[in-house]
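To keep things clear, I will list the structure first and then write my remarks on it.
The values are calculated or read from the model by the stated rules, or taken from the named source; none is laboratory data. The model shown is predicted, which means the values in this text are computed figures rather than measured ones. Counting neighbours? That spans all protein chains shown, and the Cβs are built from the backbone with ideal geometry, glycine included. Each accessible area value is taken on the protein alone, full model and side chains, heavy atoms only, with ligands, DNA and RNA left out. Shrake-Rupley method; radii C 1.70, N 1.55, O 1.52, S 1.80 Å.
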Amino acid sequence: MTRRRRLRAGRCLGLAAALGVAAMLGAPGRGQEPDASGPAQTLWTPAEVELALELSPLPEPPPDPTNAWYEDPAAAALGQALFYDRRFSADGRTACATCHDPSQGWTDGRRLAKALAFNPRNTMSLWNVAYNRWFYWDGRKDTLWSQALAPFEDPREHGFDRVALLRAIAADEDLAARYAAVFGPLPDLSDGERFPDHARPVPGEETHAHARAWAAMAPADREEVDRHFARVGKAIAAFERQIVSRDAPFDRFVAALRGGDPAGFDALPESAQRGFALFVGEARCLVCHDGPNFTDGEFHSNLFPAGEEGGDLGRPRGVRRLLADPFNASSRHADDDGATGRVKLAFPPRRQAHPPGEFKTPGLRNVARTAPYMHEGQVATLADVVRFYSTLEGAAQPGPEGERILRPLHLSEEQQADLVAFLEALTDESLPPELLGPPAD
Ligand code: HEC
Ligand code: HEC
């Protein structure tokens, strides 16, 4: 018997015990006897099996009490139409889908984003975005719907403004009807005296023509525009919520362990199984990439050296911007009277101590389809990511307040390949085809 086979037999015995634990936890498959006489089903130890059962399946996305329409199918269809529409941009060519292209893992394949101008950050994928607590690499948004407002007015992205956006929706018969069916009619913006062609707040640039036009509007009119602008974001969020990935080979394998379809045992090659054991064990990836979406939803530095852009403060600046955001979860635009915001926003200010250089831990489902990696897109392949974690070559030095989590893993070539195989086994890009373009009806 080779060393590996011995190991395997020993681990196999442990499986029964672990499945017993799973049954106690009330996992599906309860009461099913593991087939101890059958072929070895997994290389994992009972503790590893237990972790796998915690990491799969990905549950339904959590509710969003700040968005009264988060589950409304008509709102989602409107949001889908807006997401793919290129007209709401200064050049008439930029839609959300320009950078978040469903055929490219809901990102753009570029190192750094570019529409009207370069953005010094890598485009984030929208897979499983509804599970996130914070949005953007620096967490400067705290709800999915308020995130969706920013790109329209970002001069590097859509370069548009909220008044023009509402007017353009009102001018399109189909969109206006969809909007009215969900939210009630759009306001009448035809009075050019009250509602200029283009108006928006431009923080830090009060002399900008859009900012001056916005400041000249009556407060009640600004309020009305903002209320509807927020609803546009709520519709887009209802659409994005459907971008969920939960049937990866890893999930099928874990489902088989729970007593589901035994064909799932063939889904995860041994290399990926070994990679999982590393991920949750020796390589300590789980410290930050924890939970069924493989992120703790918080901010860390993985010590990857800054790219050419450099100087990106990340989280500390994100916290400041979030607290100053008139659409944050404690604002009057949240549909739960700020209840969520009071909890969420109480925490980050206390952690102003976030040292510079912390970014949101990305979820890893479908990560094999969303290269290049990191907030500046500095890393081309998963093999390069894993090599970095293994050697920490060229790593940034953590500041005095920085975490001390990472250390060189010194993984062998085979172990590195195993970790990559595991990351690849988190791939499930299947989605109803009707989500991959504007709504059909
Ligand atoms: C020019 C390319 C571009 C366009 C157009 C664009 N985005 Fe993005 N998106 C990005 C980049 C870059 C980031 C990360 C930026 C950052 O962290 O500062 C991002 C981040 C996001 C995130 C955060 C994901 C997360 O996990 O935190 C969401 C959600 C999102 N975009 C949705 C949208 C929507 C909705 C639209 C249209 C209204 C849109 N984007 C338009 C490039 C773009
Ligand atoms: C200290 C927390 C931490 C640990 C431990 C950690 N990561 Fe990360 N990981 C992060 C953060 C934060 C980022 C984003 C960093 C950035 O953009 O600058 C990241 C980025 C990544 C990315 C790129 C994802 C993308 O969409 O760009 C991959 C892949 C990844 N990590 C895999 C792993 C693996 C595999 C391990 C274990 C060997 C691991 N991570 C350990 C925090 C961590």
Self-check item: Rg and Dmax of the chain, Cα atoms only, in Å
Solution: 23.9, 86
Quiz item: So, in Å, what gap is there between the alpha-carbon centers of the stretch 362-441 and the stretch 68-102?
Solution: 27 Å
Quiz item: If you take the beta carbon distance between R212 and T391 as r and set R0 to 60 Å, what does 1/(1 + (r/R0)^6) give as a FRET efficiency, to the nearest 0.05?
Solution: 0.65
Practice problem: May I ask you to rank L322, L406 by accessible area, largest first, using a 1.4 Å probe over the protein chains only? | Solution: L406, L322
Quiz item: Packing-wise, with mean Cβ within 10 Å as the measure, how do 393-402, 65-74, 358-367 rank, highest first?
Solution: 358-367, 65-74, 393-402
Exercise. Calculate, for the stretch 64-122, the solvent-accessible area per residue in square angstrom, rolling a 1.4 angstrom probe over the heavy atoms of the protein chains.
Key: 41 Å²
Practice problem: Take every Cα pair under 8 Å in the stretch 164-287 that's 6+ residues apart, average their separations, divide by the length, and report that relative contact order as a whole percent. | Solution: 13 percent
Practice problem: Can you grab the distance from the C-alpha centre of the stretch 136-172 to the C-alpha centre of the stretch 303-329, Å, no decimals? | Solution: 18 Å
Quiz item: So for E193, E403, E424, E60, what's the accessible-area order with a 1.4 Å probe, most first?
Solution: E193, E60, E424, E403
Quiz item: Using θ = phi - 60° and the Karplus curve 6.51 cos²θ - 1.76 cosθ + 1.60, what whole-Hz ³J(HN,Hα) does each residue of the stretch 320-329 get, with Gly and Pro shown as x?
Solution: 4, 5, 4, 5, 8, 7, x, 10, 6, 5
Quiz prompt | the chain - mean residue ellipticity at 222 nm from DSSP helices (-39,500 (n - 2.57) per run, n ≥ 4, rounded to 500) | solution = -11500 deg cm²/dmol
Quiz item: Once amide H atoms are placed 1.01 Å from N in the peptide plane, what residues at a sequence separation of 5 or more from R194, or on another chain, have their amide H within under 5 Å of its amide H?
Solution: none
Exercise. Starting at the first residue of the stretch 228-245, write each ³J(HN,Hα) from the Karplus equation 6.51 cos²θ - 1.76 cosθ + 1.60 with θ = phi - 60°, in whole Hz, x for Gly and Pro.
Key: 6, 4, 4, 5, 4, x, 5, 5, 4, 4, 5, 5, 4, 4, 7, 7, 10, 10
Exercise. Quickly work out the R156-to-A177 label distance, labels modelled 7 Å from Cα along the C-beta direction, and quote it in nm with one decimal.
Key: 4.0 nm
Quiz prompt | Set of aspartates and glutamates with alpha-carbon distance to K114 below 18 Å, sequence-local pairs under 8 removed | solution = D85, D91, D101, E153, D154, E157, E308, E309, D312, E376
Quiz item: Taking only C-alpha pairs under 8 Å that are 6+ residues apart, what is the relative contact order of the stretch 333-423 in percent?
Solution: 26 percent
Quiz item: To the nearest 10 degrees, how steeply does helix 382-391 sit against the main Cα axis of the chain, on a 0 to 90 scale?
Solution: 70 degrees
Exercise. Place the peptides 239-251, 217-229 in order of packing, highest mean first, counting for every residue the other Cβ atoms within 10 Å and averaging per peptide.
Key: 239-251, 217-229
Self-check item: lysines with Cα under 19 Å of K360, excluding same-chain neighbours fewer than 8 positions away
Solution: K141, K344
Quiz item: For the pair R404 and E270, what calculated FRET efficiency results from E = 1/(1 + (r/R0)^6), where r is the Cβ-Cβ distance and R0 = 30 Å, to the nearest 0.05?
Solution: 0.35
Quiz item: Whole-Hz Karplus ³J(HN,Hα) for the stretch 159-171, in order, using 6.51 cos²θ - 1.76 cosθ + 1.60 and θ = phi - 60°, x for Gly and Pro?
Solution: x, 10, 8, 5, 5, 5, 5, 5, 5, 5, 5, 4, 7
Practice problem: Report, to the nearest whole %, how much of the accessible area of the chain belongs to carbon and sulfur atoms, 1.4 Å probe, protein only. | Solution: 54 percent
